[in-house]
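Working notes, structure below.
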Amino acid sequence: MSDNTTDRVASTFSRLSKEHRAGLVTFITAGDPNLQTSLEILQRLPSAGADIIEIGMPFSDPMADGPAIQAASLRSLANGGSLRATLEMVRAFREKNQTTPLILMGYFNPIYQYGTTQFVNDAANAGVDGLIMVDLPPEEDDELCDPARTAGLHWIRLVTPTTNESRLSDVLANSSGFVYYVSIAGITGTQSAAAASIEKAVHHIKAKSDLPVAVGFGIKTREQVKEIGNIAEGVVVGSAIVNEIEQNLDPNGQPKAHLVESVISLVRSLATDSV
Amino acid sequence: MSLNNTNNPPLESYRSGPDDRGHFGIFGGRFVAETLMPLILELEAAYAEAKNSTSFQADFDYYAAHYIGRPSPLYFAERLTEHLGGAKIYFKRDELNHTGAHKINNTLGQILLAKRMGKTRIIAETGAGQHGVATATVCALFDLPCVVYMGATDIERQAPNVFRMKLLGAEVIPVTSGTGTLKDAMNDALRDWVANVEDTFYIIGTVAGPHPYPMMVRDFQSVIGVETREQIELAEGRLPDALVACIGGGSNAMGLFHPFLDEKVRIIGVEAGGLGVNTDKHAASLTGGHPGVLHGNRTYLLQNDDGQITDAHSISAGLDYPGIGPEHAWLHDQGRVEYVSVTDEEALEAFQLCCRTEGIIPALEPAHALAHVVKLAPEMDREQILVMNLCGRGDKDIFAIAESLGVKI
């Protein structure tokens, strides 16, 4: 268990509720395009308007992600990214920021190689607040969900358009922090779902759970952020931010001078209307 | 790190796996995104129903006999036996199947299941193109649209198979993500599936992936071992002393091995050692990898300390995969099956030996199995019997082999 006694996720959603707005959840891959630039972006995200930050743990074979986020993983891995480096980034961030929730998102294998017990303890101590694991459905809860919750980490589950009535209870059973509604049956960074279908799904989840709901996949513009923000407590933007990083690389893959500034102003523009 | 422990006490049966969560010991499982999980459960239920259905079995048997050409012969390789001067060598000739490899046993079973489930679109991944061709073939036969994901690198190496798939009406999608090989093709097939869950059936080509695939593919391929038992009893009046098969994902090997797992038969799987298992250019997941989670299951994987999957290398595109089926991983740790490796060079030599002594041009994949037979047979008595799975023919490989031998064709 980490030494922080406050639940940063709960207090963030409680603050958002008082401010009558949805939270902006931003995603970046740790170490993209390199460790130093990535940390700079991470440190500036809260003041740009990110209420919660998802940090992708780089993985060579991210099979639920689209080309943008896979490319981000590969850039990171080519420039020193790793699970250890991801935890280092979290530690560095926490030295200056004690309030913004950090959620690690990714695939199980790097954690399995790190050692599950060691990882959940190191992550909690570094200042991680929760985990979103793409390839660990409730059927595999004994692998990481149980040890993570014991270590005091939130276990944020993905609910999808294919999660039927009978599964929804099982999926929500060991969830904490918030519920992540994947708005499309598909991969990250592709098409967008209609607001009406998202609204229906969010109501469905809320009928069975008191947890806040964040909606992600396919949300790229401030209009979408605003629209979904009227339906759910959190709106996740991932690929659009990652794309902004990619577009600010020179032909050799090195960050251009204004990369961090461009990414931060994109986030600021996404946040404008949700505040 | 190796969990191999050959001192495990023998189990009563090695054929009882997987458990109801799809585990073979610590291996297997269902490590997939939530979007896919309801489909995986639906598939599991549909397969359980089909497995016990006499009409499903009758359909499978009908097409196996009249379309694939089963049973494939069990052939006594007399000249090779004389040449090696040891055990009697039999070839299980799955290279004589329609489409030229064992892959179609599985695609037939899966497409019959897809039809039964009312699915209207088929996707598959392929490395060398053999599974892609076998999938495109049954899709043509059963009139279902077919999309095959294939690494851009492999498309270049295997142009004839790409053309075959297109002739059969399949759409071949080049995969450029990652390293553009089989593992990336599997990633992209999973991405397609997750986006088309309602109508699409994913025909996985080997005994890997999330449960129930490893079990289901094994069951369909077990026709190889079941026939072999009957045929060797008829020919020799007894079971063989040893079985040898090559392993990439391991479907032909599992098909041959499974019906023999509880018998007193020595069983050997041969991995692709590439330039050598002490180099970083090989595909021997059991010899050179350690347990991890990829593509829906826990198994032995080629990976670095950070859990990043590393590239496999083999002269044979069909063995060029950084993982292995979870049941093989379990049989390895149990010590029930021996797993060895042979190099590209040894496979090439065995390939040429087979051509000259038996008049059979084998695929590069079973040439790996043969390279081990070349080592093993002379150590065995002349009264002993060895069966090798000749799981594919080599027409597809002649360009790669010519290049390796420095010949221009």
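Yes or no: B:Thr200 under 28 Å from A:Phe59 (Cα atoms), β-branched (Val, Ile, Thr) and touching a residue at least 60 places away in the same chain (Cβ under 8 Å)?
yes
Among (1) at negative phi; (2) free of Cβ contacts under 8 Å to residues at least 24 places away in the same chain, where does A:His20 come up short?
(1)
Which of the residues that make up the range A:155-210 are under 16 Å from A:Asp135 (Cα atoms), more than 12 Å from chain B (Cβ to nearest Cβ) and not in a loop (DSSP other than H, G, I, E, B)?
Across the range A:155-210, the qualifying residue is only A:Trp155.
Please find, within the range B:300-317, the residue that is surrounded by the fewest Cβ atoms within 10 Å (Cβ to Cβ) out of those that are away from every other protein chain (no Cβ under 11 Å) and not in a loop (DSSP other than H, G, I, E, B).
B:Ala317
Can you name the residue in the range B:12-46 that is assigned to a helix (DSSP H, G or I) and of a type outside the set (A, V, I, L, M) and is also nearest to the other protein chains (Cβ to nearest Cβ) among such residues?
B:Pro38
Quick one: B:Ala235 ticks every box in (1) small (Gly, Ala, Ser); (2) surrounded by 24 or more Cβ atoms within 10 Å (Cβ to Cβ); (3) outside any loop (DSSP other than H, G, I, E, B) bar one, so which box is it?
Among (1) small (Gly, Ala, Ser); (2) surrounded by 24 or more Cβ atoms within 10 Å (Cβ to Cβ); (3) outside any loop (DSSP other than H, G, I, E, B), the lone unmet condition for B:Ala235 is (2).
Are any residues in the range A:130-150 assigned to a loop (DSSP other than H, G, I, E, B) and under 17 Å from A:Ile103 (Cα atoms), and if so, which ones?
Here is the first cut: in the range A:130-150, the ones assigned to a loop (DSSP other than H, G, I, E, B) are A:134-137, A:141-144.
Across the range A:130-150, the qualifying residues are A:Val134, A:Asp135, A:Leu136, A:Leu144.
Within the range B:274-297, track down each residue that is more than 14 Å from chain A (Cβ to nearest Cβ) and under 16 Å from the mean Cα position of the chain (by Cα).
Result: B:Ala283, B:Ala284, B:Leu286.
Looking at (1) within 14 Å of chain A (Cβ to nearest Cβ); (2) at pLDDT below 95; (3) farther than 22 Å from B:Gly289 by Cβ, find the lone condition where B:Pro9 falls short.
It fails just one condition, (1).
When only residues in the range A:211-254 that are in contact with an Asp or Glu (Cβ under 8 Å, 6 or more places away or on another chain), assigned to a loop (DSSP other than H, G, I, E, B) and farther than 20 Å from A:Pro33 by Cβ count, which is modelled with the lowest pLDDT?
If we take residues in the range A:211-254 being in contact with an Asp or Glu (Cβ under 8 Å, 6 or more places away or on another chain), assigned to a loop (DSSP other than H, G, I, E, B) and farther than 20 Å from A:Pro33 by Cβ, then A:Ile231 is modelled with the lowest pLDDT.
Tell me, which residue of the range A:131-141 that is out of contact with any helix residue (DSSP H, G or I) (no Cβ under 6 Å at 6 or more places or on another chain) and in contact (Cβ under 8 Å) with a residue 60 or more places away in the chain is nearest to the other protein chains (Cβ to nearest Cβ)?
A:Val134
Please note which helices (runs of 4 or more DSSP H) are completely contained in the range B:110-211 and include at least 3 residues that are within 14 Å of chain A (Cβ to nearest Cβ) and over 20 Å from B:Ala64 (Cβ atoms).
Per the criteria, B:182-195.
Okay, residues lined up against (1) buried (at least 22 other Cβ atoms within 10 Å of the Cβ); (2) at pLDDT below 95; (3) touching a His at 6+ places or on another chain (Cβ under 8 Å):
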residue	(1), (2), (3)
A:Ala10	no, no, no
A:Leu39	no, no, no
A:Leu45	yes, no, no
A:Ile55	yes, no, no
A:Pro67	no, yes, no
A:Ser76	yes, no, no
A:Gly81	yes, no, no
A:Thr86	yes, no, no
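Of all residues in the range A:142-154 being free of Cβ contacts under 8 Å to residues at least 40 places away in the same chain and either within 11 Å of chain B (Cβ to nearest Cβ) or open to solvent by less than 10 Å² (accessible area, probe 1.4 Å) (or both), which is farthest from the chain's Cα centre (by Cα)?
A:Asp142
For the range B:361-409, give me each residue that is open to solvent by less than 20 Å² (accessible area, probe 1.4 Å), in a helix (DSSP H, G or I) and of a type in the set (A, V, I, L, M, F, W, C).
Selection gives B:Leu364, B:Ala367, B:Ala369, B:Leu370, B:Ala371, B:Val373, B:Leu376, B:Ala377, B:Ile401, B:Ala402.
Listed residues A:Ala126, A:Ala92; which is more than 30 Å from B:Glu198 (Cβ to Cβ), away from chain B (no Cβ under 11 Å) and open to solvent by less than 10 Å² (accessible area, probe 1.4 Å)?
Values: A:Ala92 fails: open to solvent by less than 10 Å² (accessible area, probe 1.4 Å).
Among A:Ala126, A:Ala92, only A:Ala126 is more than 30 Å from B:Glu198 (Cβ to Cβ), away from chain B (no Cβ under 11 Å) and open to solvent by less than 10 Å² (accessible area, probe 1.4 Å).
Show the residue pairs meeting these rules: Cβ distance below 7 Å; 6+ apart or different chains; first residue within the range B:332-348 and among the β-branched types (Val, Ile, Thr); second residue at pLDDT 95 or above and open to solvent by 40 Å² or more (accessible area, probe 1.4 Å).
That search, which allows pairs on different chains as well, returns B:Thr343/B:Leu275.
Inside the range B:185-232, can you point out the residues that are open to solvent by 10 Å² or more (accessible area, probe 1.4 Å), among the polar types (S, T, N, Q) and under 16 Å from the mean Cα position of the chain (by Cα)?
If the condition is that a residue be open to solvent by 10 Å² or more (accessible area, probe 1.4 Å), among the polar types (S, T, N, Q) and under 16 Å from the mean Cα position of the chain (by Cα), then B:Thr206, B:Ser222 are the ones that fit.
Assuming B:Arg356 fulfils every condition listed in (1) assigned to a strand (DSSP E or B); (2) open to solvent by 20 Å² or more (accessible area, probe 1.4 Å); (3) farther than 30 Å from B:His211 by Cα apart from one, which condition is it?
Looking at each condition in turn, B:Arg356 falls short on (1).
The values are calculated or read from the model by the stated rules, or taken from the named source; none is laboratory data. Remember, it's a predicted structure, so these values are computed and weren't measured experimentally. All Cβ positions, even for glycine, are placed from backbone atoms using ideal geometry, and neighbour counts span all protein chains on display. Accessible surface areas use protein heavy atoms only, side chains included; no ligands, DNA or RNA. Shrake-Rupley method; radii C 1.70, N 1.55, O 1.52, S 1.80 Å.
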